Amino acid sequence: MPRIQPHLFVIFGATGDLTKRKLIPALYSLMQDADVARRCVVLGTARSDWSDERFREEAREALRDNGYSEEAVAKWCTRNLYYQCLGTEGNDYGQLRDRVEQLERHLGLPGNRAFYLSLPPSVYGPAIEGLGDVGLNDSSGWTRVVVEKPFGYDLDSAQALNDQVHRHFDEDQVYRIDHYLGKETVQNLMAFRFGNALFESMWNREHIDRVEITVAEPLGVGGRGGYYDQSGHVRDMVQNHLTQLLTLVAMEPPASMEANAIRDEKVKVLNALQQPDPETDVVLGQYAAGTMDGERVPAYREAPDVPADSITETFAALRLNVANWRWQGVPFLLRTGKRLPRKLTQIAVRFQSAPISLFQSDGAPCVPQNADCEAPPNELLITLQPDEGFDLRFEVKAPGTSPDGAMALESQHLSFSYQDAFGPVPDAYETLLRDILMGDPTLFVRADEVEASWQLYAGLLDADLPVHPYEAGTWGPAAVDRLLATWTSGGPASPPA
Ligand code: BG6
């Protein structure tokens, strides 16, 4: 079994929120193996003039918040964590290189290095240049650079950033993160599709009526108003997380489970996707004040660092068409927003109705042209969070006989719960960090993939679309229901259950 090799894990933005909430807990958890822990060292860097001790104290606090006991983490923090100030301008890469080399010598590390850029997107470029200029893009071992999302702001900036990255690093050194790909249930989409012939044979336009992808969050923008108002929901969620989910649902079986075989198939889906028509295929919204769990929540425009007249969208609904033999004509409906009633990440695959309905009250079979004549179609719900699992809706005969003597049908569910079968699912960041340290790029976004997904939304990002207000705690603006009804052949798309 391959193991994590001794390495130095350098975190840019080490004083930030992601480091505390996700990276330190994930690294600590990975290093529970005593042998790994002894030779895997974390060097935090940022502009703040912190000491090693201050970084360790912050890490101890982060781990305490994650439920670890003080005694258990103390040794790891002291032995494995170091900090180097990157200068008040954040550009002292020479000193950083000296510290990296000094630590490696002192701790007997072989020169394997991962550089994790947990930085504001505007400084990804300078950080890449800084590493390259002082020769930190190469070493006696392996060198990998990890870039958080968003990778670029649009197609042009993503291309420019890719060019800049490739001036200093080879593509196989680059790990572009989309944390949705680290979620166990997202990876399970591939296992579910390609490990089970049952559904795969029906996974096409002959049998599927539509696919709905919902990513709903009850939270607002919190303290991230500054970033979010510049970005908006299409850039923050649709271009990356929802599009990744779509590619996994729509891709062809890869030739193997090797990273590039999988990523090739995802890129083919992206290339087959038609740009949505901003006028007819998109509804944007922004949350107004509302009531959630009995509490009044303020409007988006009242969030810190958000202008009072902001027209940034916090909600998006889109219809996409994958123009290929498998999917042509099957709408992929994406719906995502902040301040929606509850947390839900779900893919609903709606199968076509039976070609003829035998269960009419007058006993006469009829072709399902209208709702009266139609048994509810089978639906497969793949829930990615919370309550991870599957749910297959099908029809059974309700016991007894109805007054008119006809056989009555009732919808029932076959369910599988991840939690019941396997217990808690691992954290996405732990999975992704392990893969970076093992050198497995499968769950990371390749350069052409990120560009193709920006290309898909180029027209939408340029369009000047109305942003409809919706009350916090509702499923989005009313305009969505009207549009969803016209988008789908089988009547209005269901609001999430
Ligand atoms: C991030 C977005 O990438 O994903 C956030 O920037 C969003 O705005 C978050 O809240 C959602 O992630 P998850 O894992 O909670 O669904």
Of the candidates 237, 202, the one satisfying the condition of being within 16 Å of the ligand (Cβ to nearest atom), aliphatic (A, V, I, L, M) and either surrounded by fewer than 16 Cβ atoms within 10 Å (Cβ to Cβ) or within 22 Å of residue 152 (Cα to Cα) (or both) is 237
List the residue pairs whose Cβ atoms are under 7 Å apart, where the first residue sits in region 207-236 and is of a type in the set (Phe, Trp, Tyr), the second is near the ligand (Cβ under 10 Å from one of its atoms) and in a helix (DSSP H, G or I), and the two are 6 or more positions apart or on different chains. 228/236
Would you mention how many residues in region 289-327 are outside any strand (DSSP E or B) and either basic (Lys, Arg) or closer than 12 Å to residue 220 by Cβ (or both)? 11
Residue hits (region 328-349; more than 16 Å from the ligand (Cβ to nearest atom), in a loop (DSSP other than H, G, I, E, B) and closer than 20 Å to residue 239 by Cβ) are 331
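Which of the following residues is within 20 Å of residue 455 (Cα to Cα) and hydroxyl-bearing (Ser, Thr, Tyr): 243, 314? Steps first, please.
Numbers: 314 fails: within 20 Å of residue 455 (Cα to Cα).
So the residue among 243, 314 that is within 20 Å of residue 455 (Cα to Cα) and hydroxyl-bearing (Ser, Thr, Tyr) is 243.
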Just give me the residues in region 406-456 being surrounded by fewer than 19 Cβ atoms within 10 Å (Cβ to Cβ), among the aliphatic types (A, V, I, L, M) and over 14 Å from residue 146 (Cα atoms), in sequence order. 406, 407, 408, 409, 414, 421, 425
From the options 231, 256, residue that is away from the ligand (no atom under 12 Å from the Cβ), within 26 Å of residue 448 (Cβ to Cβ) and surrounded by fewer than 22 Cβ atoms within 10 Å (Cβ to Cβ): 256
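Quick one: how many residues across region 216-226 are near the ligand (Cβ under 8 Å from one of its atoms) and buried (at least 16 other Cβ atoms within 10 Å of the Cβ)?
Taking region 216-226 as the starting set, the residues that turn out to be near the ligand (Cβ under 8 Å from one of its atoms) are 217, 219, 221, 224.
Of the ones still in play, those that are also buried (at least 16 other Cβ atoms within 10 Å of the Cβ) are 217, 221, 224.
Residues meeting the conditions: 3.
Can you name the residue in region 168-179 that is closer than 18 Å to residue 127 by Cβ and touching a helix residue (DSSP H, G or I) at 6+ places or on another chain (Cβ under 7 Å) and is also nearest to the ligand (Cβ to nearest atom) among such residues? Walk me through how you get there before you give the answer.
Of the residues in region 168-179, the ones closer than 18 Å to residue 127 by Cβ are 168-171, 173-177.
Retained after the next criterion (residues that are touching a helix residue (DSSP H, G or I) at 6+ places or on another chain (Cβ under 7 Å)): 168, 171, 174-177.
Details: 168: 26, 171: 23, 174: 19, 175: 16, 176: 13, 177: 9 Å.
This residue is 177.
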Note down all Cβ pairs under 7 Å where the first residue falls in region 35-60 and is over 25 Å from residue 437 (Cα atoms) and touching a residue at least 12 places away in the same chain (Cβ under 8 Å), the second is β-branched (Val, Ile, Thr) and surrounded by fewer than 21 Cβ atoms within 10 Å (Cβ to Cβ), and they're at least six residues apart or on different chains. 47/88; 48/15; 50/15
Members of region 150-164 found to be out of contact with any Asp or Glu (no Cβ under 9 Å at 6 or more places or on another chain) and assigned to a helix (DSSP H, G or I), listed by number: 156, 157, 160, 161, 163
Using beta carbons and a limit of 6 Å, which pairs, at least six apart or on different chains, have the first residue in region 324-352 and more than 26 Å from residue 469 (Cα to Cα) and aromatic (Phe, Trp, Tyr) and the second one more than 14 Å from the ligand (Cβ to nearest atom) and modelled with pLDDT under 95? 351/377; 351/378
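Report those helices (runs of 4 or more DSSP H) wholly inside region 60-149 carrying at least 1 residues which are over 32 Å from the mean Cα position of the chain (by Cα) and surrounded by 21 or more Cβ atoms within 10 Å (Cβ to Cβ). Walk me through it before giving the result.
Values: elements: 70-80, 93-107, 124-133.
Where helices (runs of 4 or more DSSP H) fall fully within region 60-149 and carry at least 1 residues being over 32 Å from the mean Cα position of the chain (by Cα) and surrounded by 21 or more Cβ atoms within 10 Å (Cβ to Cβ), they are 93-107.
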Can you pull out the residues in region 183-193 that are within 16 Å of the ligand (Cβ to nearest atom) and either outside any loop (DSSP other than H, G, I, E, B) or over 25 Å from residue 429 (Cα atoms) (or both)? 184, 185, 186, 187, 188, 189
May I ask you to list pairs of residues, at least six apart or on different chains, whose Cβ atoms are under 9 Å apart, with the first in region 246-275 being within 15 Å of residue 193 (Cβ to Cβ) and the second being in a loop (DSSP other than H, G, I, E, B) and hydroxyl-bearing (Ser, Thr, Tyr)? 257/442; 262/256; 262/442
First in region 124-135 and under 13 Å from residue 86 (Cβ atoms), second anywhere and hydroxyl-bearing (Ser, Thr, Tyr) and modelled with pLDDT of 95 or more, Cβ under 9 Å, 6 or more apart: 127/93; 130/93; 131/93; 131/143; 134/93
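Residue-by-condition table, conditions (1) more than 30 Å from residue 424 (Cα to Cα); (2) within 16 Å of the ligand (Cβ to nearest atom):
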{"site": "122", "(1), (2)": "yes, yes"}
{"site": "131", "(1), (2)": "yes, no"}
{"site": "146", "(1), (2)": "no, yes"}
{"site": "181", "(1), (2)": "no, yes"}
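Among 109, 103, 117, 131, which is the only one that is farther than 30 Å from residue 243 by Cβ, at pLDDT 95 or above and not β-branched (Val, Ile, Thr)?
Working: 109 fails: at pLDDT 95 or above; 117 fails: farther than 30 Å from residue 243 by Cβ; 131 fails: farther than 30 Å from residue 243 by Cβ.
Result: 103 is the single residue among 109, 103, 117, 131 that is farther than 30 Å from residue 243 by Cβ, at pLDDT 95 or above and not β-branched (Val, Ile, Thr).
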Residue 92 fails exactly one of (1) modelled with pLDDT of 95 or more; (2) touching a strand residue (DSSP E or B) at 6+ places or on another chain (Cβ under 9 Å), namely (1)
What tally of residues in region 412-438 results from selecting those that are assigned to a strand (DSSP E or B) and hydroxyl-bearing (Ser, Thr, Tyr)? 2
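Condition first: in contact (Cβ under 8 Å) with a residue 60 or more places away in the chain and part of a helix (DSSP H, G or I). Now tell me which residues in region 455-488 satisfy that. So that I can check it myself, show each step before the final result.
First, pick out the residues of region 455-488 that are in contact (Cβ under 8 Å) with a residue 60 or more places away in the chain: 455-461, 463, 465-477, 479-480, 483-484, 487-488.
Result: 455, 456, 458, 459, 460, 461, 479, 480, 483, 484, 487.
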Restricting attention to region 355-384, the residues that are under 38 Å from the mean Cα position of the chain (by Cα) and at pLDDT below 90 number exactly 9
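In this structure, is residue 448 part of a loop (DSSP other than H, G, I, E, B) and within 30 Å of residue 177 (Cβ to Cβ)?
Working: part of a loop (DSSP other than H, G, I, E, B): no; within 30 Å of residue 177 (Cβ to Cβ): yes.
Against the criterion (part of a loop (DSSP other than H, G, I, E, B) and within 30 Å of residue 177 (Cβ to Cβ)), residue 448 does not qualify.
The values are calculated or read from the model by the stated rules, or taken from the named source; none is laboratory data. Since we're looking at a predicted model, the values are computed, not measured. Here Cβ is always computed from backbone atoms with ideal geometry, including for glycine, and neighbour counts include all displayed protein chains.
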